[in-house]
Amino acid sequence: MPTFEPSLELLKQLLMNPRYSILFILLLIASVSDCRSYRIPNWLTFGGTTFALLYSLVVPFAPKLGFGWALGGYALGLCFMLPLYVLGAMGAGDVKLMAMVGAFLGLSDVIYAVLFVFALGGVMAVAHALWHQSLARMFSNTRLALRTLWFSTRGGQPPDAPNTDRPSVGKLPYALSIFLGTATFMVASQLGYA
């Protein structure tokens, strides 16, 4: 008979960490909001970021890794998502949400969280395209966006927004990917896998 003691202990550890539990709640609210209205409220991202930065002053990640570490995580989360916003593949709320996650997790952990988010986001995008029978259009739009980025950056110019005349595959609430990817990272981190 399987025992649930290890999973209950893991849940207890995650919930006893105020940094993780507040982040989990904020990501859950953002996901629900994004699924309902395709919007993530600014009060949530800016309020969450402010809390994470102030909390890092009081409870640093490690000795000498406090506010600057959280601010670096914020900046790195922002930098990872900003190119997707410029290409029109992601909304501004998603970018601000990932930056907030970076402020909560700090400079080194946000890198792993973004990898988990991108992996789950890719799976969700393919599933969404399959469901709507638009997988070929999704790959065509992705190829065009990457080609635009490549040629624009090689020419020393900022990338132009992709042609908006091309039909979209549809909207995907990316906050859900950010929530699930970050939560998966937090669990993997607690278990010693990340």
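So the values come out like this:
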quantity: Surrounding net charge for Trp69, when Lys and Arg each add one and Asp and Glu each subtract one, Cβ distance under 13 Å; calculated: +1
quantity: Three-way shape label, the range 18-67, alpha-carbon gyration tensor, a/c 1.5; calculated: prolate
quantity: The range 30-93: trypsin sites (Lys or Arg not before Pro) falling in loop per DSSP and having at most 11 other Cβ within 10 Å; calculated: Lys64
quantity: Charge context of Leu172, other residues only, Cβ under 12 angstrom, K/R +1, D/E -1; calculated: -1
quantity: Convex hull volume per residue for the range 46-112, taking Cα atoms only, in Å³; calculated: 60
quantity: Within-15-Å neighbourhood charge of Leu57 [Cβ basis; K, R +1; D, E -1]; calculated: +2
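Taken together, the values in this text are just the output of simple stated rules run on the coordinates, not laboratory data. Bear in mind that the values here come from a model prediction, so they are computed numbers and not experimental data. Heads up, the Cβs are rebuilt from the backbone with ideal geometry, glycines too, and the neighbour counts pull from every protein chain shown.
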